[in-house]
Amino acid sequence: MSDNPTNATSNSNATSSNAASDQTDKQSNAKTKSYSFQAEVAQLLHLVTHSLYSNPEIFLRELISNASDACDKLRFEGINNGALYEDDPDLHVRVSLNKENNTITISDNGIGLTSDEAIDNLGTIAKSGTKDFMSKLSGNQKEDSQLIGQFGVGFYSGFIVADKITVESRKAGEPVDQAVRWISGGTGDFDVEQISKESRGTDIILHLRDDALEYLEAWKVKQIINKYSDHISLPIQMQKEVWQEAPEGSEESGKMVLTDEWETINSASALWTRNKKDITDEQYTEFYKQFSHDFEAPLAWSHNRVEGSTEYTQLLYIPAKAPFDMFTREQKSGIKLYVKRVFIMDEAENLMPSYLRFVKGIIDSADLPLNVSRELLQESRDVRTIREGNARRVLGLLDTLAKSEDTADQEKYASFYKEFGAVLKEGLGEDAGNKDRIAKLLRFASTSTDEATVSLAAYKANMQEGQKAIYYLAAESLSAAKNSPQLELFKKKGIDVLLMTDRVDEWALNFLTDFEDTPLQSVAKGAVDLGDLQDEDEKKAAETATESLKPTLDKLTDTLKDKAKEVRVTTRLVDSPACLVVGDQDLSPQLVRMLKQAGQPVPESKPILEINPEHPLVKRLETTEQFDDLANVIFDQALLAEGGVPENPAAYLKRINNLLLG
């Protein structure tokens, strides 16, 4: 289990928590102390307890999953310390029903919790981006439930059906009298006290609300376990019920009674170890929801056993929605590593390239040692082989969706690209071996469509006769791109231009200079050269204008020497007086701004100012007495048109006013 409160029975390297700092002794009993929930937890609990979920039975899936994770943790720790098993080596999860007290108890004999871990794990959300996540909650129940589904609530899902939860736990290896009891009504506080507990592991006791008493029926609980948790590799047990006839002569009817025997409810075999022909789509989906704590079904998955120099099983899923923290540095991998079915670690980031960090799944290796560490994962040849195999498998799965003629698959790929397209582009710079495969998966808007549906292959197939390059323009928004002066000549000639508006685009395209031997060319870099698509008359007119405007160009160059490294005539403009471009080897203004915002050093460079010799403002430069003002205004307006801001806005406004008054 991961060390956050969605996994209540996990092991954790506990540190001092927000909850601990809010400690207040409210009772005279020194053994019992009360704490306040972290603010984000309190907000989350409020949403949960107000019936945020339309499917309340998932609480059982979440708590059984946590219990299973706790047992996995003990199995891993027990590799090097067999004494942790004490006298109870058979790991299991048990579900008990008590109709007299209206309680359900989910018990495990896994790793357990110390008192400090209970305070930290159950009182705070130890997860990066929590505040950002909370800020996105809108109060709309449907939208918020989807967000919380992405975040995962694990243990807190118990409050969907319970008005009080009691947790009793003893850490494996700790003395019997060093157990802990944690109690909360799901409001602002929770109580913690030290208790004695003979068995190791954790008991989570749900005190059911009156509207949730249906979950005291054994048949219903078994049905839920079979639906959501059948694939759990540990036995999930309930007390066996038998039919007891009424005493002879009694007016009472017979009834089901509990025995002391525990029976296993699930099939208790890891789903990824089964033959995929024997697994239904529903089982794949429910397994994904269980281990990922995602409330939405995945878009697609791939299940394979890989044999060769390195043997492993991979079960990889593409989620439907991007996690809220996908672009934070702390965002972790969604891959769980097993070795010969023994759980080793969560968030095994070395098994999947960073640009595929949205993928969730299971890797079960037959070759890695059971005591594998994160340090060893960084150096292992087997791990590199697995990572490369996983990348190829995911890209192949995406390629199948992208090429499919099935409408449902096409919609899935469109949905995937909307959520994860920007992250996928990172692969152009991170994975040279798969660069061409990634390039085929990319989609862009263009001057002919606002939707990101145009592939590089489709663009190339529709190029005009004589067109030698794939033209693109990067901008900070679709609106800015569509209205850029640099597109005017292309629009006039009906040449489609790809519009790129993701922050990562320009960085990524530094690594993709051509597509299937056709060069990619930014329309905002270098001099415009349409080759055979440009009329000879246009070229001659530009040459003539350059000669006739030479005095004006020289004067502009001198006036703007601190802003522009060159001023020249262009044929790319139709309606605008000027535009800014950069040299073929220079960084674009958008990329410069992005690097500066990221705190990266950026070499100083000046743009090139291109002017339209036919525009009235440019012609006015030849006769005006306000040359300096007009020259600077033309430059600053070109800067504004490409998303920049004048270096001195006050001076810009003053020059505008001078021109209006002059």
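Observations on the model:
- Loop-resident sites, region 459-563, for trypsin sites (Lys or Arg not before Pro), counting at most 12 other Cβ within 10 Å (DSSP): 561
- Coil-residue trypsin sites (Lys or Arg not before Pro) of region 53-108, DSSP, other Cβ within 10 Å capped at 14: 99
- FRET efficiency for the residue 627 to residue 595 pair, using the beta carbon distance and R₀ = 41 Å, is estimated at 0.75.
- By the compact-protein rule of thumb, 2.2 N^0.38 Å, the alpha-carbon radius of gyration of the chain corresponds to a ratio of 1.24.
- Between residue 565 and residue 281, the C-beta separation translates, for a Förster distance of 56 Å, into a calculated FRET efficiency of about 0.40.
- Under the Karplus curve 6.51 cos²θ - 1.76 cosθ + 1.60, θ = phi - 60°, whole-Hz ³J(HN,Hα) for region 398-406, x wherever Gly or Pro sits: 5, 5, 4, 5, 5, 8, 4, 8, 6
- Here the 3J(HN,Hα) profile of region 636-643, calculated from phi with Karplus coefficients 6.51, -1.76 and 1.60 at θ = phi - 60°, is 5, 5, 5, 5, 4, 5, 9, x Hz, Gly and Pro shown as x.
- Here the label points at residue 541 and residue 304, each 7 Å from Cα along the C-beta direction, are separated by 5.6 nm in the simple model.
- Distances between placed amide hydrogens fall under 5 Å for residue 164 paired with 207, all partners being 5 or more residues away or on another chain.
- The stretch between residue 384 and residue 510 holds 42.8 nm of extra length on full extension. This uses 0.36 nm per residue minus the Cα-Cα distance.
- You can think of it this way: the chain between residue 250 and residue 405 has 48.9 nm of extra reach, that is 0.36 nm per residue less the Cα-Cα gap.
- Estimated [θ] at 222 nm from DSSP helical runs (n ≥ 4, -39500 (n - 2.57)) normalised by residues in the chain, nearest 500: -10000 deg cm²/dmol
- Theoretical gain in end-to-end length, residue 657 to residue 640 [0.36 nm per residue, Cα-Cα removed]: 4.4 nm
- Amide H to amide H distances under 5 Å link residue 179 with 195, 197, where only residues 5 or more positions off or on other chains count and H is placed in the peptide plane.
- Separation of the residue 648 and residue 462 label points, Cα + 7 Å toward Cβ, nm: 4.7 nm
- Residues of region 205-238 with amide N under 15 Å of a point placed 7 Å along Cα→Cβ from residue 263: 218-226, 236-238
- Our note on the geometry: Cα centres of region 596-647 and region 192-213, 70 Å apart.
- In Hz, Karplus ³J(HN,Hα) per residue of region 263-280 (6.51, -1.76, 1.60; θ = phi - 60°; x = Gly, Pro): 10, 7, 8, 9, 6, 6, 10, 4, 4, 5, 8, 7, 5, 5, 5, 9, 10, 7
- Annotation: per residue accessible area for the chain equals 47 Å², rounded to a whole number [probe 1.4 Å, protein chains only].
- If R0 is taken as 51 Å, the Cβ-Cβ distance between residue 493 and residue 347 corresponds to a FRET efficiency of 0.50.
- Label zone at residue 326 (point 7 Å along Cα-to-Cβ), backbone N below 18 Å, region 333-350: 333-335
- Backbone amide hydrogens, once placed in the peptide plane, bring residue 189 within less than 5 Å of 37, excluding anything fewer than 5 places away on its chain.
- Cα gyration tensor shape of region 466-515, rounded if a/c is under 1.5, else prolate or oblate by comparing a/b with b/c: oblate
The values are calculated or read from the model by the stated rules, or taken from the named source; none is laboratory data. Quantities reported herein were computed from a predicted structural model and do not represent experimental measurements. Backbone-built Cβ (ideal geometry, glycine too); neighbour counts: all protein chains shown. Heavy atoms of the whole protein, side chains included, go into the accessibility calculation; ligands, DNA and RNA do not. Shrake-Rupley method; radii C 1.70, N 1.55, O 1.52, S 1.80 Å.
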